[in-house]
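Engineer: Dumping the structure here so I can ask a few things about it.
The values are calculated or read from the model by the stated rules, or taken from the named source; none is laboratory data. Since this is a predicted model, take the numbers as computed values, not measurements. A quick note on method: Cβ atoms are made from the backbone with ideal geometry, for glycine too, and the neighbour counts reach across all protein chains shown. Side chains included, ligands, DNA and RNA excluded: accessible areas come from the protein's heavy atoms. Shrake-Rupley method; radii C 1.70, N 1.55, O 1.52, S 1.80 Å.
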Amino acid sequence: MENMKNIEELQRKFQEKIDNDIRIEPNDWMPEDYRQTLIRQISQHAHSEIVGMLPEGNWITRAPNLRRKAVLLAKVQDEAGHGLYLYSACETLGADREETIDDLHSGKAKYSSIFNYPTLTWADMGAIGWLVDGAAIMNQVPLCRCSYGPYARAMVRVCKEESFHQRQGFEIISKLAQGTPVQKEMAQDALNRFWWPALMMFGPNDAESKHTKQSMDWKIKRFTNDELRQQFVDVTVPQAEMIGLTVPDKDLKFNEETGHYEFGEIDWTEFWEVVKGNGPCNHDRIETRRAAKENGAWVREAANAYAAKKKMRKTA
Ligand code: BYC
């Protein structure tokens with residue numbers, strides 16, 4: 001009885017903090033479901049950053065000039081950094097980093113569907129920066145106000161870097177769109193292939209999203225999947241028009257009354273197939289990550305041996 005009362009009191013204090021927009025910190029009491037929801041979302045987010053290095057990493061050796069190569073290299077390194085902050089944020093909730101990564105490698109854990117599409121041409125580097133990082137910013141800026149402190153703070157830096165990424169992508173795609181007819185065709189083809197997968201990044205429709213309601217109540221999510229998707233479309237369509245590219249959606253039209261673009265139906269069958277592991281690159285992405293872990297085993301062993309030796313010397 002005493003224990004029940006205690007939990008009710010903790011629950012009340014937790015809710016009071018949420019209601020007053022006071023951050024929940026790692027040592028604060030939190031409901032187990034809140035903790036598990038955060039571990040799920042933050043670890044999936046971390047995996048997305050890490051797997052997200054692969055499609056662009058594929059073009060580092062083939063960037064068209066030194067400047068482009070240096071910028072792309074820096075961007076891919078930033079994604080690695082984002083993954084590491086996020087794994088750390090996840091550890092503050094009591095998750096074991098190695099187990100989390102093993103879940104990715106065994107196919108148990110999800111990561112963003114977008115990274116299961118191939119990068120076929122240099123224009124895809126433009127499309128990814130512009131659309132994928134653009135969608136990531138739209139989703140992540142509100143996460144800077146997430147109720148869990150370490151996640152919210154990690155997002156502040158991540159968003160600053162993502163906006164540089166978005167701009168570098170937009171610069172690549174707009175240069176190509178203003179280039180030779182072949183370059184313009186390449187830019188249009190990249191937009192055609194990445195437009196719909198970028199819209200899918202925001203997750204299922206609100207009616208199908210099983211976590212949104214609870215995550216909004218806990219102020220983990222501040223907007224629904226459909227609200228963010230709409231914001232992204234509203235911002236991105238005029239950018240495409242400005243650089244002379246056509247968004248591949250015959251149903252796209254601006255509604256003067258609502259002030260929003262109406263857009264066509266997303267192919268949800270394709271989305272769920274990719275999420276289930278049946279996208280064009282799912283197998284390849286996971287195999288690459290697994291191989292990276294195996295090939296790096298000697299580095300971890302050497303680092304551990306060095307740390308142990310240092311400790312022994314200190315205690316001797
Ligand atoms: N792909 O109830 P829902 C980046 C899953 S950017 C795969 O709406 P929630 C980067 C969802 O996990 C990308 N799975 O869930 C950019 C759930 O499955 P579980 C990463 C998806 O959590 C450039 C189920 O579907 N960004 O990193 O309320 C370069 C039902 O969905 C997807 C983030 O992770 C998807 N697109 O909302 C490099 C942002 N969508 O867990 C890197 C943080 C949904 O029940 N995450 N699912 O098995 C979020 O904001 C939210 O988790 C989501 C989904 C909006 C993604």
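Engineer: Checking the condition near the ligand (Cβ under 10 Å from one of its atoms), in a helix (DSSP H, G or I) and closer than 24 Å to LEU104 by Cβ, which residue from LYS221, LYS276 passes?
Structural biologist: Values: LYS221 fails: in a helix (DSSP H, G or I).
Result of the check over LYS221, LYS276: LYS276.
Engineer: In this structure, is LYS160 open to solvent by 40 Å² or more (accessible area, probe 1.4 Å) and within 17 Å of LEU38 (Cα to Cα)? Full working, then the answer.
Structural biologist: Working: open to solvent by 40 Å² or more (accessible area, probe 1.4 Å): yes; within 17 Å of LEU38 (Cα to Cα): no.
No, not satisfied.
Engineer: Here is a further query. Residue check, ARG167 against (1) in a helix (DSSP H, G or I); (2) buried (at least 18 other Cβ atoms within 10 Å of the Cβ), all met but one. Which one?
Structural biologist: (2)
Engineer: If I go through segment 288-316 residue by residue, how many of them are among the charged types (D, E, K, R) and open to solvent by less than 70 Å² (accessible area, probe 1.4 Å)?
Structural biologist: 2
Engineer: Just to be sure before I move on: is GLY134 surrounded by 21 or more Cβ atoms within 10 Å (Cβ to Cβ) and in contact (Cβ under 8 Å) with a residue 40 or more places away in the chain in the structure I sent? Walk me through it before giving the result.
Structural biologist: Values: surrounded by 21 or more Cβ atoms within 10 Å (Cβ to Cβ): yes; in contact (Cβ under 8 Å) with a residue 40 or more places away in the chain: yes.
Criteria met by GLY134.
Engineer: In this structure, does ILE172 turn out to be at pLDDT 95 or above, over 14 Å from the mean Cα position of the chain (by Cα), more than 14 Å from LEU38 (Cα to Cα) and not in a loop (DSSP other than H, G, I, E, B)?
Structural biologist: Values: at pLDDT 95 or above: yes; over 14 Å from the mean Cα position of the chain (by Cα): yes; more than 14 Å from LEU38 (Cα to Cα): yes; not in a loop (DSSP other than H, G, I, E, B): yes.
In short, yes.
Engineer: Of all the residues that make up segment 244-285, how many are under 15 Å from ILE114 (Cβ atoms) and open to solvent by less than 40 Å² (accessible area, probe 1.4 Å)?
Structural biologist: Result for segment 244-285: 8.
Engineer: With respect to GLY134, is the statement that it is of a type outside the set (Ser, Thr, Tyr) and within 11 Å of the ligand (Cβ to nearest atom) true?
Structural biologist: Numbers: of a type outside the set (Ser, Thr, Tyr): yes; within 11 Å of the ligand (Cβ to nearest atom): yes.
Yes: the conditions hold for GLY134.
Engineer: Okay, next question. For segment 213-243, give me the residue count where each residue is touching a strand residue (DSSP E or B) at 6+ places or on another chain (Cβ under 8 Å) and open to solvent by 40 Å² or more (accessible area, probe 1.4 Å). Spell out how you get there, then give the answer.
Structural biologist: At the first step, the residues of segment 213-243 found to be touching a strand residue (DSSP E or B) at 6+ places or on another chain (Cβ under 8 Å) are 220, 230, 233-234, 237.
From the residues that got through so far, the ones that are open to solvent by 40 Å² or more (accessible area, probe 1.4 Å) too are 230.
Number satisfying all stated conditions: 1.
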